[in-house]
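The values are calculated or read from the model by the stated rules, or taken from the named source; none is laboratory data. Since this is a predicted model, take the numbers as computed values, not measurements. Cβ coordinates were reconstructed from backbone atoms using ideal geometry, including for glycine residues, and neighbour counts include every protein chain displayed. Surface areas here come from the heavy atoms of the whole protein model, side chains and all, with no ligands, DNA or RNA. Shrake-Rupley method; radii C 1.70, N 1.55, O 1.52, S 1.80 Å.
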Amino acid sequence: MPTLTIRNPATGAIVAEPAADDAASVAAKAQAARTAQPAWAATPLGERLATIERFRAALVAELETLAATLTSEVGKPITQSRNELNGLLPRIDFFLAQTESAIADEPVFDDGGMRERIGHVPLGVVANISAWNYPYFVGCNVIVPALLTGNAVLYKPSEFATLTGGHIARLLHAAGVPRDVMQALVGGGDVGAALLNQRLDGLFFTGSHATGVRIAQALAPRLVKLQLELGGKDPTYVRADADPKAAAESLADGAMYNTGQSCCSVERIYVHESLHDAFVERFVATVKGFKVGDPMDPATYIGAITRAPQIAVLDAQVADAVAKGATLLVGGHRLPGPGNWYAPTVFTNVDHTMELMREESFGPMIGIQKVRGDDEAVALMNDTRYGLTAGVYTRDEAKARELLARVNAGSVYWNCCDRVSPRLPWSGVGDSGIGLTLSTHGIRTFTRPKAWHLRAP
Ligand code: NAD
């Protein structure tokens, strides 16, 4: 049996070496899920809701242990691990409150003889291949509504969030979800690839664009329903009428929270020339105030870089920006180990010839570019292959709405950033993917519509 070595990114120490799946065990789990799914779909919705309520209660009861495990395997500051778990609860509450109405039969026509209804039936067996940066969020965005709507779930957490994935499965089983209906797989990309070879009714992926494309290519001949939630290079524009200090503090958090390892981290900032210097001064002061260090210290704000290879990506973006004339104001280098560490990094005098302004940094790094006005800012915001989120800081709501209507992004923010709501759909444009989770759309996406044509005799 192969094993997976899990290291603490903050120390390099081995945290666990669990047995991993292989092609044969993946096939067996997929077959068991296929066999178990019809009975789960036939279970009254009230019982499925009750199991998820018990799962929620268990998350609350074990919150401290779960947060510590998450920090030990991804290097996330413990306060932010607790925040992630606490942030999961309203998402679960939303799914608990909305599933029944979202999947209720819809009578759409009745002329006395002929009736028409739209039903919503589970897809069947769905796979969830997931990322490590917010494993509770991205895992449960799929797992919870998929289970509530009657699907069986084959869940491949990231190899960097395996223990958290195991906890999610354990707590769901303890809450009453049958073991074969919810199965976690242990392993890396090879185990994910083995999952693609199984008979699936849906594949819900969160991760990088490169892997998403690979998965889409692998599944294309089999016409499996596919959702891909991928990366971003999310821009924000600070308008001439904004409060530069308030915007700087908000955006420093949006760029550096979770050590910059969020799909919706602020990754590009455009600031009107009239307040550029005041903005930058407060931005840098805010970043210098972020405590970097032991992720288990509740005061720590910047933790470890979860994946060691990302450090080379950050180094390359720094070298490229410096070579092309950017001004490095703070950071720009690795921090001493053990473990994977990078100094919070702020550049000004950047432009779109630089990788830093084009490709996901996925670390505590940001470029701030001066602009002369709204049209230039909108053009720059749209000069990207991605389109996950975008924001504008201004006192003028009408102007914000006008500008954000012109920006190609799945989510847009006025005077806020790095925000996800269970009530709103989470989706992307362009290379940010073809995913859709959260909101009532993100419940129905785990069902297919069934058309009922009913004629009375
Ligand atoms: P990744 O693509 O490296 O891995 C994601 C998952 O795919 C992992 O579970 C991995 O084991 C699996 N995988 C790798 N190769 C595979 C293959 N050939 N076949 C099947 N599965 C395979 O991404 P990551 O480093 O885990 O996540 C970071 C990325 O995720 C960033 O780009 C980030 O922006 C993105 N992300 C997006 C969202 C969103 O909602 N749009 C949310 C979180 C993260």
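Write down the percent of antiparallel bridges among all DSSP beta bridges whose residues are both part of the stretch 26-185, to the nearest 5.
35 percent
Using +1 on the beta carbon of Lys and Arg, -1 on that of Asp and Glu, and nothing else charged, what's the dipole of the chain about the Cα centre, debye to 20?
Working: 42 positive and 47 negative charges, 182 e Å.
Dipole of the chain, to the nearest 20 debye: 880 debye.
Once both labels are modelled 7 Å past Cα along the beta-carbon direction, what's the residue 372-residue 89 spacing in nm?
In this crude spin-label approximation the distance works out to 5.2 nm.
Between residue 395 and residue 322, take the C-beta separation as r, use R0 = 51 Å, and let me know the FRET efficiency to the nearest 0.05.
Using R0 = 51 Å, I get an efficiency of 0.90.
Once both axes come from the Cα atoms, what is the angle between helix 309-323 and the longest principal axis of the chain, in degrees from 0 to 90, rounded to 10?
Once rounded, one gets 30 degrees.
On a 0 to 90° scale, report how tilted helix 209-219 is relative to the longest principal axis of the chain, with both axes built from alpha carbons and the result rounded to the nearest 10.
20 degrees
Tell me, what is the percent relative contact order of the stretch 391-457, built from C-alpha pairs under 8 Å that lie six or more residues apart?
22 percent
Pop out the ³J(HN,Hα) list for the stretch 387-404 in order, Karplus 6.51 cos²θ - 1.76 cosθ + 1.60 with θ = phi - 60°, rounded to Hz; leave Gly and Pro as x.
Going residue by residue, I get x, 8, 9, 7, x, 9, 9, 6, 7, 9, 4, 4, 5, 4, 5, 5, 5, 5 Hz, with x marking Gly and Pro.
Could you list which residues have their amide H under 5 Å from that of residue 371, counting only those 5 or more apart in sequence or on another chain, with H placed in the peptide plane?
271, 272, 273
Can you tell me the orientation of helix 23-42 relative to the chain, as the angle in degrees between its alpha-carbon axis and the longest Cα principal axis, to the nearest 10?
60 degrees
How large is ³J(HN,Hα) for each residue in the stretch 336-347, as worked out from phi by the Karplus curve 6.51 cos²θ - 1.76 cosθ + 1.60 (θ = phi - 60°), to whole Hz, x for Gly and Pro?
x, x, x, x, 10, 9, 9, 6, x, 10, 10, 10
Roughly to the nearest percent, how much of the accessible area of the stretch 213-323 is carbon and sulfur, given a 1.4 Å probe?
The value for the stretch 213-323 is 58 percent carbon and sulfur by accessible area.
Using 0.36 nm per residue of separation minus the Cα-Cα distance, give me the extension gain between residue 240 and residue 456 in nm, one decimal.
Values: separation 216, 0.36 × 216 = 77.76 nm, distance 6.57 nm.
Working it through step by step, the gained length comes to 71.2 nm.
Which of the peptides 429-437, 10-18, 251-259 is most tightly packed, and how do the rest follow, judged by the mean count of other Cβ atoms within 10 Å per residue?
So the order, starting with the most tightly packed, is 251-259, 429-437, 10-18.
Using Cα-Cα distances under 8 Å and only pairs 6 or more residues apart, what relative contact order does the chain have, in percent?
Rounded, it is 19 percent for the chain.
What is the sum of charges around residue 222, taking Lys and Arg as +1, Asp and Glu as -1, for the other residues whose C-beta is under 13 Å from the C-beta of residue 222?
Cβ neighbours under 13 Å give a net charge of +1.
Which percent of Cα pairs goes in each bin when the distances of the stretch 1-71 are cut into 5 angstrom slices starting at zero?
Bin by bin from 0 Å, the calculated values are 3, 12, 11, 12, 14, 19, 17, 7, 3, 1.
Expected output is a single nm value to one decimal: the length gained when fully extending between residue 312 and residue 104, i.e. 0.36 nm times separation in residues minus the C-alpha distance. What is it? Walk me through the numbers on the way to the answer.
Numbers: separation 208, 0.36 × 208 = 74.88 nm, distance 5.00 nm.
Stretched out fully, the residue 312 to residue 104 stretch lengthens by 69.9 nm.
Write down the accessible area per residue of the chain in Å², having rolled a 1.4 Å probe over the full set of protein chains.
39 Å²
Hey, how many Å between the Cα centroid of the stretch 174-228 and the Cα centroid of the stretch 1-27?
So the two Cα centres are separated by 18 Å.
If you only keep lysine pairs separated by 8 or more in sequence, or across chains, how many in the chain come under 25 Å at the Cα atoms?
Here the count comes out as 22.
Kindly provide log₁₀ I(q)/I(0) values, in the same order as q = 0.06, 0.07, 0.13 Å⁻¹, from the Debye equation applied to equal alpha-carbon scatterers of the chain.
The computed values of log10 I(q)/I(0) come out as -0.27, -0.37, -1.18.
Extension gain residue 170-residue 406, at 0.36 nm per residue separation less the Cα-Cα distance, in nm?
Numbers: separation 236, 0.36 × 236 = 84.96 nm, distance 4.49 nm.
Value of the extension gain: 80.5 nm.
Find the all-direction average of the projected area of the Cα convex hull for the stretch 50-174, expressing the result in square nanometres with one decimal place. Walk me through the intermediate numbers first.
Details: hull surface 33.6 nm².
Projected area, direction-averaged: 8.4 nm².
Taking R0 as 22 Å, what's the FRET efficiency between residue 3 and residue 299 from their Cβ-Cβ distance, rounded to 0.05?
For R0 = 22 Å, the calculated efficiency reads 0.05.
Remind me, relative contact order of the stretch 342-414 in percent, using alpha carbon pairs under 8 angstrom and six or more residues apart? Each step should come with its number before you reach the end.
Details: 77 pairs, mean separation 18.5, N = 73.
It comes to 25 percent, rounded to a whole number.
Which one, 50, 440, 163, projects farthest toward the positive side of the charge dipole computed for the chain from Cβ point charges (K/R +1, D/E -1)?
Going by the Cα projections, it comes out as 50.
Going by amide H atoms built from the backbone, whose H comes under 5 Å of the H on residue 130, apart from near neighbours?
The list, which skips near neighbours in sequence, is 156, 158, 206.
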